[in-house]
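Nothing in this text is a laboratory measurement; each read-out follows from the coordinates by a stated rule. Quick caveat: nothing in here was measured; it's all calculated off a predicted structure. Here the Cβ positions follow ideal geometry from the backbone for every residue, glycine too, while neighbour counts run over all protein chains shown.
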Amino acid sequence: MPDDLITVSAPALPDRVDLDTLATAEGQGEQVVAAMAAQIRDRSTRPNTAAAYGQDRTRWERYCTIAGLNPNVPSADALTVYAAWLIANPGAGVKHAAPATLRRRVHGVVASWHAQAATVPHRVGVEAMQAIAAHERWLADHHLDAGRGQAPLLTVDGLQRLVRTCPTTQAGLRDRALLLLGFGIAARRSELAGLAASDITADYHGGALRGVVVRVRSSKTGQGRTVPIARGQDRATCPAIAWLRWTQASGISCGPALRRVDRHDHMREDGLSAAAVGEVIRRVGQRTGDADLAALTGHSLRAGLATAARRAGHDVQAIARVGGWDTHSRELAKYMRIADQWDRLDNATVNIGL
């Protein structure tokens, strides 16, 4: 291999970085490096993150139209006032803006400036972030929740009720498979939408079905995982049986695992989007007539598996492997606290003589 050529194997990076390009740049090395860095950032950004930043840019442009500003001119003052405007206008259905969302929206604006190769002032977002930090402290001081709140947990009992409302139509069989597989792998909406039929394999031992093995190729964190889902104790809520019934009825063996079904109950070739997955969960929940189930979101499956598994006595490591969590994840720790709050060993008020 030539000494002046560096090969990079990581898929997020350029295939190769040619040092001759830098050596012959005639004093423009900084510009070349900046261009290479931009390429690396573009390839490294997860699709969901890129989509969120795109939405943040659109929101910023709408604000600039209202405020009479040029959205393409980087300005620390404009960004600070924008942060204050976001705090004062949290959006429909939200009483108090979530600090994490506010930070991402500010980052999205700054990222869009960098993407346009604009001259961005150093520490342009510092004052905006300080305004958001002050908002976060105010929420804490007044014991107020922010954002849309925590996704309601889907319990096993609730899952059974959802499944019972699913008819034996194409749409009903798909919805049942979606719910049970999603619960079984502690799925995000995007993970269910991204599943291919070839990612799900039935596993047999001695001719008996043991379950299904689901390969989640990519996720929000960028780490894929393989999840074996054991055969359920109840045929009606067994993820493996639900998957086999769906594939038998639909005849699919490749392409998207979970597909659109039209109002005439005809299956389409295109798969469900992440938003459509959330809509299925919402619609099935509403069909039960139960207000709690009607409030379910896509994240309810993920939260539900974690708490149900913990209550069944499974350790943190086993649960983390299913959902792709880091064992020190704050999100996972929150679910463990919910499950353990009445445990004799974890609740210091149990059996103390009160």
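What to note about this one:
- Spin-label zone in region 311-325 - amide nitrogen under 12 Å from a point set 7 Å from the Cα of Thr349 along the C-beta vector: none
- Column: log10 I(q)/I(0), Debye, Cα scatterers of region 156-340, q = 0.08, 0.10, 0.16, 0.18 Å⁻¹: -0.23, -0.36, -0.98, -1.26
- Kirkwood Rh, Cα atoms: Rg over Rh of region 45-141: 0.95
- Considering only Asn347, Pro239, Thr307, and ranking their Cα positions along the charge dipole of region 237-354 that arises from unit charges at the beta-carbon of Lys, Arg, Asp and Glu, the one farthest toward the positive end is Pro239.
- Panel order for His114, His135, His266, by other beta carbons found within 10 Å of each beta carbon, from fewest to most: His266, His114, His135.
- Counting every other Cβ atom within 10 Å of each residue's Cβ, Arg137, Arg321 order from fewest to most as Arg137, Arg321.
- Close amide-amide hydrogen proximity is noted between Leu272 and Leu258, Arg259, Arg260, each under 5 Å apart and 5 or more residues distant or on a separate chain (H modeled in the peptide plane; Pro and chain starts excluded).
- Per-q log10 I(q)/I(0), region 139-229, q = 0.10, 0.16 Å⁻¹ (Debye; single scatterer per alpha-carbon; no solvent): -0.37, -0.81
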